[in-house]
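The values are calculated or read from the model by the stated rules, or taken from the named source; none is laboratory data. In this text the structure is predicted, and so the values were computed from the model without any measurement. Using ideal geometry, Cβ is built from the backbone for each residue, glycine included, and neighbour counts are taken over all protein chains shown.
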């Protein structure tokens, strides 16, 4: 599919890059038409892969669903989930998002997710970062997860746990007597980071 003729006027590296992009976007287009697409797993060295799907579950985000919650759609044709990823040559990213709603207030949902997030390490409360947390962020290493500029929408709560390379995020908003919440898992890696 990705054959090209050698041309002395062009660098082979540039052609290889363009060919790779064409292959990836061709595969991505096929995935969008046919539904979820999974190529070789990113953990397999040298693998190339793409994930484009409007389906994701608790396993994909690495967090349990709040008891009694159900998927939330902002509009009738929206999807309450997304699962994206692209990797190859030792680098890549994966993103999984779930939008849910629960009948309980944000504080109760927050307590549930602070406990669930703790399995990934320290839980950062980015809703109201303390002055101590800001000082810690200034001193932190490049791999230490921080709130950075991440803030919840007005009246909401935001929690993070993990590392900069593998983050788990929970955003919670009031919704009448209940809550809307989003679960996010974000992973990015590069073979350069391992050196």
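Summary table below
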quantity: Criterion: touching a strand residue (DSSP E or B) at 6+ places or on another chain (Cβ under 6 Å), under 30 Å from residue 73 (Cα atoms) and at pLDDT below 95 - qualifying residue of 152, 129; calculated: 152
quantity: Cβ-Cβ under 6 Å pairs, at least 6 apart or on other chains, the stretch 67-79 side in contact (Cβ under 8 Å) with a residue 12 or more places away in the chain and at negative phi, far side surrounded by 13 or more Cβ atoms within 10 Å (Cβ to Cβ) and in a loop (DSSP other than H, G, I, E, B); calculated: 71/80; 72/80; 73/80; 79/54
quantity: Residue that is farthest from the chain's Cα centre (by Cα) [pool: residues in the stretch 79-108 that are within 30 Å of residue 48 (Cβ to Cβ) and not in a strand (DSSP E or B)]; calculated: 89
quantity: Members of the stretch 46-64 found to be within 30 Å of residue 106 (Cα to Cα) and surrounded by fewer than 17 Cβ atoms within 10 Å (Cβ to Cβ), listed by number; calculated: 54, 55, 57, 58, 59, 64
quantity: Residue check, residue 176 surrounded by fewer than 16 Cβ atoms within 10 Å (Cβ to Cβ), more than 23 Å from residue 65 (Cα to Cα) and free of Cβ contacts under 8 Å to residues at least 24 places away in the same chain; calculated: no
quantity: Flag for residue 111 being farther than 28 Å from residue 50 by Cβ and at pLDDT 95 or above; calculated: yes
